[in-house]
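Have a look at the structure below before the remarks.
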Amino acid sequence: MFSLLKPDFAITSVVELTLEILKELQITTLLLDVDCTLKRYNKLVPLPEVNNWLKQMREAGINLYLVSNGGGVRIRQFSENVQIPFAAPAMKPLPFAINRVIRLMNYDKKTTAMVGDQLFTDILAGKLARIMTILVKPQGENEEPWFARMKRPLEKFIIKR
Ligand SMILES: [Mg+2]
């Protein structure tokens, strides 16, 4: 059971996922949680550095899809602002929304990762859907001890390979 809550990687922010690292991980599709992953909870636009990162990913041909438990209207507005399609409310940790998006878009589970800030929703949903999971530190909050303990820098993985 515990392994279902253990992300494959834990990083501080999505911007750490560079094109080089995604290539190493053989990931071409990112399913992205919205609140506290791409933006602060009460905002409708991403953090500036995240916005640049999203643009860079899109221009490089990385598939992006928002998978949020948030309400439809709020997430729709964010989706329009960043021009990335969305599934919401996704009812994570149930894996159905993730599976539906993958089927609908013809993505490959082997090259798809779920990225989010919550173990009990994002990571568990990704695990249940049997895709790679990447935990990020909640944006706009201080780093918490449990996160630090779990943190497994991507660099280590890359060096190992
Ligand atoms: Mg979140």
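Pull out a ≥ b ≥ c, the square roots of the eigenvalues of the alpha-carbon gyration tensor of region 1-51, then state rounded if a/c is under 1.5, prolate if not and a/b is larger than b/c, and oblate in the remaining case. Show your work: numbers first, answer last.
Working: a/c = 2.41, a/b = 1.26, b/c = 1.92.
It comes out oblate by the Cα gyration axes.
Once a ≥ b ≥ c are taken as the square roots of the eigenvalues of the Cα gyration tensor of the chain, is the result rounded (a/c under 1.5), prolate (a/b larger than b/c) or oblate (a/b not larger than b/c)? Present the calculation step by step, with values, prior to reporting the outcome.
Values: a/c = 1.20, a/b = 1.18, b/c = 1.02.
Since a/c stays below 1.5, the shape of the chain is classed as rounded.
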Inset, instruction - Would you mind working out the magnitude of the charge dipole of the chain relative to its Cα centre, with +1 at each Lys and Arg C-beta and -1 at each Asp and Glu C-beta, to the nearest 20 Debye? - result: 420 debye
Inset, instruction - Could you provide, to the nearest whole Å², the per residue accessible area of region 61-120 with probe 1.4 Å? - result: 51 Å²
Inset, instruction - Give me the percent of the accessible area of the chain that comes from carbon and sulfur atoms, probe 1.4 Å, all protein chains in place. - result: 54 percent
Legend entry - Charge dipole (the chain, unit charges on Cβ, about Cα centre) - positive-most of 99, 89, 120: 99
Legend entry - Helical mean residue ellipticity (222 nm; -39500 (n - 2.57) per DSSP H run of 4+; nearest 500) of the chain: -10000 deg cm²/dmol
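May I ask you to order 10-20, 117-127 by the average number of other C-beta atoms within 10 Å around their residues, highest value first? The partial results should precede the final answer.
Working: 10-20: 16.5, 117-127: 22.6.
Highest to lowest by the protection proxy: 117-127, 10-20.
The values are calculated or read from the model by the stated rules, or taken from the named source; none is laboratory data. What you are looking at is a predicted structure, and each value in this text was computed from that prediction instead of being measured. Methodologically, a virtual Cβ is constructed for each residue, glycine included, from the backbone with ideal geometry; neighbour enumeration extends over all protein chains shown. With ligands, DNA and RNA removed, areas are computed over all heavy atoms of the protein, side chains included. Shrake-Rupley method; radii C 1.70, N 1.55, O 1.52, S 1.80 Å.
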